[in-house]
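The structure under discussion appears below in the form of structure tokens.
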Amino acid sequence: MMVENQSYTRLDTAFARFLARRTRLDGKQKQVFEQLVAQLSYEQNQGHNCMQINDEDLALVLASSLADSCGTMPLVVENNRLYTQRYWHYEKRLVMQICSRVNSHAPVEQADAVLGRYFQSSSDAIDWQRAAANMAVRQPFCMITGGPGTGKTTTVVKILAVLQELAACHPLHIALAAPTGKAAMRLQESIGSRIAELPCSDDIKKHIPNTVSTLHRLLGAKPPSPYFHHDADNPLVYDLIVVDEASMVDLALMGKLFDALKPSARLILLGDKDQLASVESGAVLADLTQALPLCTLELKTSHRFAGTIKTLADAVNAQQAEAAWAILQGGDGRCALLEHDLIAYIAAQQAGYLQLIKSGADFHDIYQSFSRFQVLCANRQGENSIADMNYRVEQHLSGQKRINLSGLWYVGRPVMVTQNNAALHLYNGDIGICMPDSEQGGKLMVFFQNADGSVKKYLPARLPGCETVFAMTIHKSQGSEFDEVLIVLPKTINPVLTKELLYTAITRAKHTVKLVTDKIVFVQALAQKVARVTGLVDKFQHAG
């Protein structure tokens, strides 16, 4: 039987009570049913698509008159998994959509000759990038995975050029997307810097897009509803869509992306399957790579990400706690435990961009200076959380007279958008800086940098929900990259701390990683793995 969870939200209990009032059960059975539904709602809020139940609870749910196995009731049971109807349909439809594409590929003429020009291996080792391109050219749906520096972006740029060449006189209409504005900006910078190097004509190059949008913007978000402008009845016009940082895409959004593809469209997902799963429900990229090995290729050779940071990341990913801890204590300046006063160290890293604001520097320089360093925390609340770090850093900077905390909005306040606002073209994860606008007589505005390098600015009062971002959660850092990251872990273990969380944090750093933790918490964190409960892999197996 289920044990009552004290962490239920009011929505969990209200939903459970609503269904319990409509069941044919009574007495003790009704109480157990209500508890099961509350637990299911809670588990979905924790990122699971469904939850496992035993045979006794399965029989009880089926006897409730509110569950079946075909998705016509509010609850669905499938192989001892309990779903709400919505999430069962999300899984089922996604599997149907992908299977219809996987089974529709056709041979491509002259592909080998074109691939040979773009991928010229100089060694006897397996050319994983060419293998990935070969797969992408021949299949309408594929996933290219790999850790930092394995060349996912380099590979996909070449794939776009190859496919444009093979399309001959009918150029493909291509879209590039990422889950967040920051990830879109990174992909756009990376794509743009590689197009000029391609061994193809200028005509081919001009048909490779150099702009990247967020997935919500691509699909046409219609806030505050969960619906999009583009869906099965109004599909996207693109012949090929590439989505970077696909590990961040949750079940619902992935399903809506597939719904919006026209039947002939290709889709390429890029990502690191070892990173954190999406904040919302599911672990879609990890599930799909497990279920569809013939549509997946992992790039295994790192061309950029090397040295001590990679060694540390690999040890964390392999849950080799002693080896990882030894690296942190080894004295290498690139990976180490922080030995300075925590808040004073963080405040010192902010001095550069704050001084640039004071001197009237260009926003691009200010933004680049701020983006060089970032504090990453595991939790939102509590000691060593983002709330704790942001408050203490603000107080320290105020004491140093570097900022003026006379109100919520002050010169130099860095903020992260937490709510999508399609009308303002601001999306969850976008980062801006509050500063005087010389064009508005010194009035405070919040400046943001677009993926193409252009700048947009808003009055603070117009912004959607946002929060100070001297520190951000590791989840929010996905899709970002910084010269230096400072990872601040809580002083006691909690369920959020996992090896995937630490791996994701470490791989945000280009040059330096510092940690604030003790060995006990660090070792315990590496012992914990993310284990999302889903039925996607099972559904693919039964789909044949």
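Select from segment 347-386 the residues that are under 27 Å from the mean Cα position of the chain (by Cα) and of a type in the set (A, V, I, L, M, F, W, C) and list them in ascending order. Answer for segment 347-386, where residues must be under 27 Å from the mean Cα position of the chain (by Cα) and of a type in the set (A, V, I, L, M, F, W, C): PHE363, ILE366, PHE370, PHE373, VAL375, LEU376, CYS377, ALA378, ILE386.
Any idea how many residues of segment 502-520 are of a type outside the set (Val, Ile, Thr), open to solvent by less than 60 Å² (accessible area, probe 1.4 Å) and not in a helix (DSSP H, G or I)? Steps first, please.
The first filter runs over segment 502-520 and keeps only residues of a type outside the set (Val, Ile, Thr), leaving 502-503, 505, 508-511, 514-515, 518-519.
This time we only want the ones that are open to solvent by less than 60 Å² (accessible area, probe 1.4 Å), so: 502-503, 505, 508-509, 514-515.
Of the ones still in play, those that are also not in a helix (DSSP H, G or I) are 508-509, 514-515.
The total comes to 4.
All of (1) without any contact (Cβ under 8 Å) to a residue 60 or more places away in the chain; (2) open to solvent by 50 Å² or more (accessible area, probe 1.4 Å); (3) not small (Gly, Ala, Ser) hold for LYS310 with one exception: (1).
Filter segment 313-329 down to the residues that are of a type outside the set (Asp, Glu) and open to solvent by 60 Å² or more (accessible area, probe 1.4 Å), then identify the one that is farthest from the chain's Cα centre (by Cα). Among those that are of a type outside the set (Asp, Glu) and open to solvent by 60 Å² or more (accessible area, probe 1.4 Å), it is GLN329. Residues that are among the hydrophobic types (A, V, I, L, M, F, W, C) number at least 3 in the following strands (runs of 3 or more DSSP E) confined to segment 290-380: 335-337, 373-377. If I filter segment 58-106 down to residues being under 27 Å from PHE141 (Cα atoms), part of a loop (DSSP other than H, G, I, E, B) and of a type in the set (S, T, N, Q), which single residue comes out as most open to solvent (accessible area, probe 1.4 Å)? Per the stated criteria, the residue is ASN103. In the set (1) β-branched (Val, Ile, Thr); (2) in contact (Cβ under 8 Å) with a residue 40 or more places away in the chain; (3) within 29 Å of GLU189 (Cβ to Cβ), the condition left unmet by VAL137 is number (2). Here ARG372, ARG402 are screened, and the one residue that is open to solvent by 10 Å² or more (accessible area, probe 1.4 Å) and touching an Asp or Glu at 6+ places or on another chain (Cβ under 6 Å) is ARG372. Do we have any residue at all in segment 247-264 that's buried (at least 17 other Cβ atoms within 10 Å of the Cβ), in a loop (DSSP other than H, G, I, E, B) and out of contact with any Leu (no Cβ under 9 Å at 6 or more places or on another chain)? Yes - at least one qualifying residue is present in segment 247-264. Inclusion of LYS476 among residues that are closer than 23 Å to GLU189 by Cβ, surrounded by 21 or more Cβ atoms within 10 Å (Cβ to Cβ), under 20 Å from the mean Cα position of the chain (by Cα) and modelled with pLDDT under 95 is warranted.
Got a sec? Which of VAL496, VAL530, VAL523 is assigned to a helix (DSSP H, G or I) and either surrounded by fewer than 20 Cβ atoms within 10 Å (Cβ to Cβ) or of a type in the set (Gly, Ala, Ser) (or both)?
Values: VAL496 fails: assigned to a helix (DSSP H, G or I); VAL530 fails: assigned to a helix (DSSP H, G or I).
So the residue among VAL496, VAL530, VAL523 that is assigned to a helix (DSSP H, G or I) and either surrounded by fewer than 20 Cβ atoms within 10 Å (Cβ to Cβ) or of a type in the set (Gly, Ala, Ser) (or both) is VAL523.
Residues in segment 186-222 that are touching a strand residue (DSSP E or B) at 6+ places or on another chain (Cβ under 7 Å) and under 26 Å from GLU280 (Cα atoms): LEU187, VAL212, SER213, THR214, LEU215, LEU218, LEU219, GLY220, ALA221, LYS222. Within segment 349-369, the only residue that satisfies the criterion of being open to solvent by 60 Å² or more (accessible area, probe 1.4 Å) and within 16 Å of GLU484 (Cα to Cα) is GLN368. Restricting segment 132-168 to residues that are aliphatic (A, V, I, L, M), assigned to a helix (DSSP H, G or I) and within 30 Å of ALA313 (Cβ to Cβ), which is most open to solvent (accessible area, probe 1.4 Å)? Applying the filter and picking the extreme gives MET135. What number of residues in segment 405-438 are outside any loop (DSSP other than H, G, I, E, B) and buried (at least 18 other Cβ atoms within 10 Å of the Cβ)? Within segment 405-438, residues that are outside any loop (DSSP other than H, G, I, E, B) and buried (at least 18 other Cβ atoms within 10 Å of the Cβ) number 11. Residues that are of a type outside the set (A, V, I, L, M, F, W, C), farther than 15 Å from HIS48 by Cβ and touching a residue at least 60 places away in the same chain (Cβ under 8 Å) within segment 511-538 comprise HIS511, THR512, LYS514, THR517, LYS519, listed in sequence order. Scanning segment 46-57 for residues that are free of Cβ contacts under 8 Å to residues at least 40 places away in the same chain, out of contact with any Leu (no Cβ under 8 Å at 6 or more places or on another chain) and either within 21 Å of MET248 (Cα to Cα) or open to solvent by less than 50 Å² (accessible area, probe 1.4 Å) (or both) yields one hit, GLN46.
The values are calculated or read from the model by the stated rules, or taken from the named source; none is laboratory data. This one's a predicted model, so the numbers in the text were calculated from it and none came from an experiment. Here the Cβ is made from the backbone with ideal geometry for all residues, glycine too, and neighbour counts use every protein chain on show. Only protein heavy atoms, including side chains, enter the accessible area calculation; ligands, DNA and RNA are left aside. Shrake-Rupley method; radii C 1.70, N 1.55, O 1.52, S 1.80 Å.
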